[in-house]
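Working notes for the structure below.
The values are calculated or read from the model by the stated rules, or taken from the named source; none is laboratory data. Since we're looking at a predicted model, the values are computed, not measured. Here the Cβ positions follow ideal geometry from the backbone for every residue, glycine too, while neighbour counts run over all protein chains shown. These area figures cover heavy atoms from the full protein model, side chains too; ligands, DNA and RNA do not enter into them. Shrake-Rupley method; radii C 1.70, N 1.55, O 1.52, S 1.80 Å.
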Amino acid sequence: MKCVVPPEATEAETATPDHAPDARGRVRGDTDGDGVEDLVVDGWYRPVDGGGWRRNLAVLPGSRKGRVEPSDGVSLTREGVDIVQESPGSPRLGAGGVLATGDVDGDTYPDAVIHGLEDGKRGDRIVQYLARGGEDGVQGVTALSRSLPVFDLGGITDLRGDGSPDVLALRTPKDQWDQSGAARCDTLFVLRGPFGRDGNPVGVTAVDMSLGGTVTTRHVLWGDFTGDGLTDLLAESVVGDPDPSDEADEPPVSDHVELYVGTARGFAHAGSPPGVEPWSDLLDGHPLSLGDFDGDGADDVLQDRGLHFGGTGFLSGDGRAGRGPAPAAAAVGDVNGDGRDDLVEARYGRRHPQGSVAVHLGGDQGVEETPRSTFDRRVLSLPGGPSHEADSDYLGWDVALADLDADGRDELIVGYIGYNRPRETNGYWVFPGTPEGSSAEGRYFLPTHALGTG
């Protein structure tokens with residue numbers, strides 16, 4: 001593995017093209033190549049009669065008939081696939097959910113990455129598996145090399161524009177305050193594709209984002225902010241010593257954001273984009289959402305109700321600006337088929353015993369501040385209530401958008417667990433996309449325990 005330091009971006013590399021690149025191609029998430037998006041769910045459920053959480057990893061094919069049937073999928077867990085999971089899982093603890101897909105092995109069929117846990121000498125260790133798409137859909141998994149960093153499948157992209165898929169892997173430094181330089185190449189990795197049949201990439205490149213050892217990168221988000229079709233990065237970093245009692249001659253703590261633009265030679269450092277604040281700083285984070293809300297081919301940044309449009313002027317701060325809703329997005333996609341990204345927010349957990357999911361539509365001026373539709377248990381006519389003050393129905397713990405019927409509009413997929421007593425059947429509510437947005441009319445439920453059981 002080699003370590004590279006991103007060069008400074010040239011003016012041409014930060015410019016916005018006159019025309020957005022042609023994004024046509026295979027349907028995203030279409031694991032079997034039939035032209036309809038599919039759903040890969042790492043499902044967990046707790047039986048009604050009690051007991052621990054059980055796993056049902058399933059692939060559900062989309063259908064032009066307009067409705068996904070739970071029994072139509074393939075349950076990889078119940079097919080005997082040996083995915084290590086020594087520790088019990090629970091969606092409340094962040095395990096499971098609808099998995100992102102992307103073509104890792106270069107065969108044009110999207111794949112999915114699955115995580116398992118095993119007991120290691122120093123605690124639980126994540127084991128990664130590749131679920132390969134193909135003409136017959138996903139039929140099995142391949143264990144990836146344990147020497148590879150743990151990565152987020154949402155980072156699958158053609159970084160260099162050479163037609164080969166690459167994967168971005170982000171690993172938080174063990175000590176985010178280490179300014180010694182030891183972790184300079186310990187945060188962001190580029191796994192160069194395509195992955196072979198043995199589960200290994202062509203190579204791994206570590207990216208030094210320490211700016212000469214002066215900062216420690218804590219978080220990275222990716223999108224196409226220049227609109228040239230290549231992946232760019234927003235990197236949040238910290239500078240200085242966080243301990244005010246430390247008498248060492250250190251600068252005061254500060255958080256800042258840097259932009260790295262994608263180029264044919266890899267990532268290049270393009271400076272700090274004005275108006276974009278650290279989204280998870282020391283005292284009070286400023287959650288942000290990314291998406292092409294105005295449909296011009298460049299991703300925009302929505303933060304603290306301020307909308308910074310991508311494209312011309314994004315880096316200088318002289319670009320278009322607008323306003324939008326404050327909450328961070330649980331999912332971004334196009335629910336009404338107008339070519340502009342829409343934003344979905346979710347509220348659940350102890351502060352929200354009755355979970356809710358709201359949909360804000362995108363448009364020429366950005367994202368509507370007022371949600372076009374909101375879904376909760378009252379809309380769904382669900383019975384029951386919390387059994388204690390900390391009980392929540394966890395409606396919205398997992399949210400995804402996918403065009404499951406190939407009509408050009410994303411369905412809204414909302415995870416549901418239910419109140420603690422009585423134990424309810426948990427799974428996913430599916431709300432159809434319409435020209436007006438997500439609709440409760442025609443909604444249906446996918447019980448986790450029934451996915452892919454034929």
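Key figures for this structure:
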{"item": "Under 5 Å, built H, 5+ apart or other chain: amide partners of Thr263", "result": "Ala268"}
{"item": "Amide H contacts of Ala331 (H built 1.01 Å from N, under 5 Å, at least 5 apart or other chain)", "result": "Val344"}
{"item": "Burial ranking of peptide ranges 225-235, 424-434, 387-397 (average Cβ count within 10 Å, highest at the top)", "result": "225-235, 424-434, 387-397"}
{"item": "Prolate/oblate/rounded call for the range 357-454, Cα gyration tensor, a/c under 1.5 rounded", "result": "oblate"}
{"item": "Per residue accessible area of the range 338-454, 1.4 Å probe, in Å²", "result": "42 Å²"}
{"item": "Cα→Cβ-extended label distance, 7 Å offset, between Asp162 and Gln354, nm", "result": "5.6 nm"}
{"item": "Relative packing of peptides 301-307, 439-445, 209-215, 413-419 - highest average C-beta neighbours within 10 Å first", "result": "413-419, 301-307, 209-215, 439-445"}
{"item": "Extended-chain gain in nm, criterion 0.36 nm per residue less alpha-carbon gap, Ser381 and Ala326", "result": "17.0 nm"}
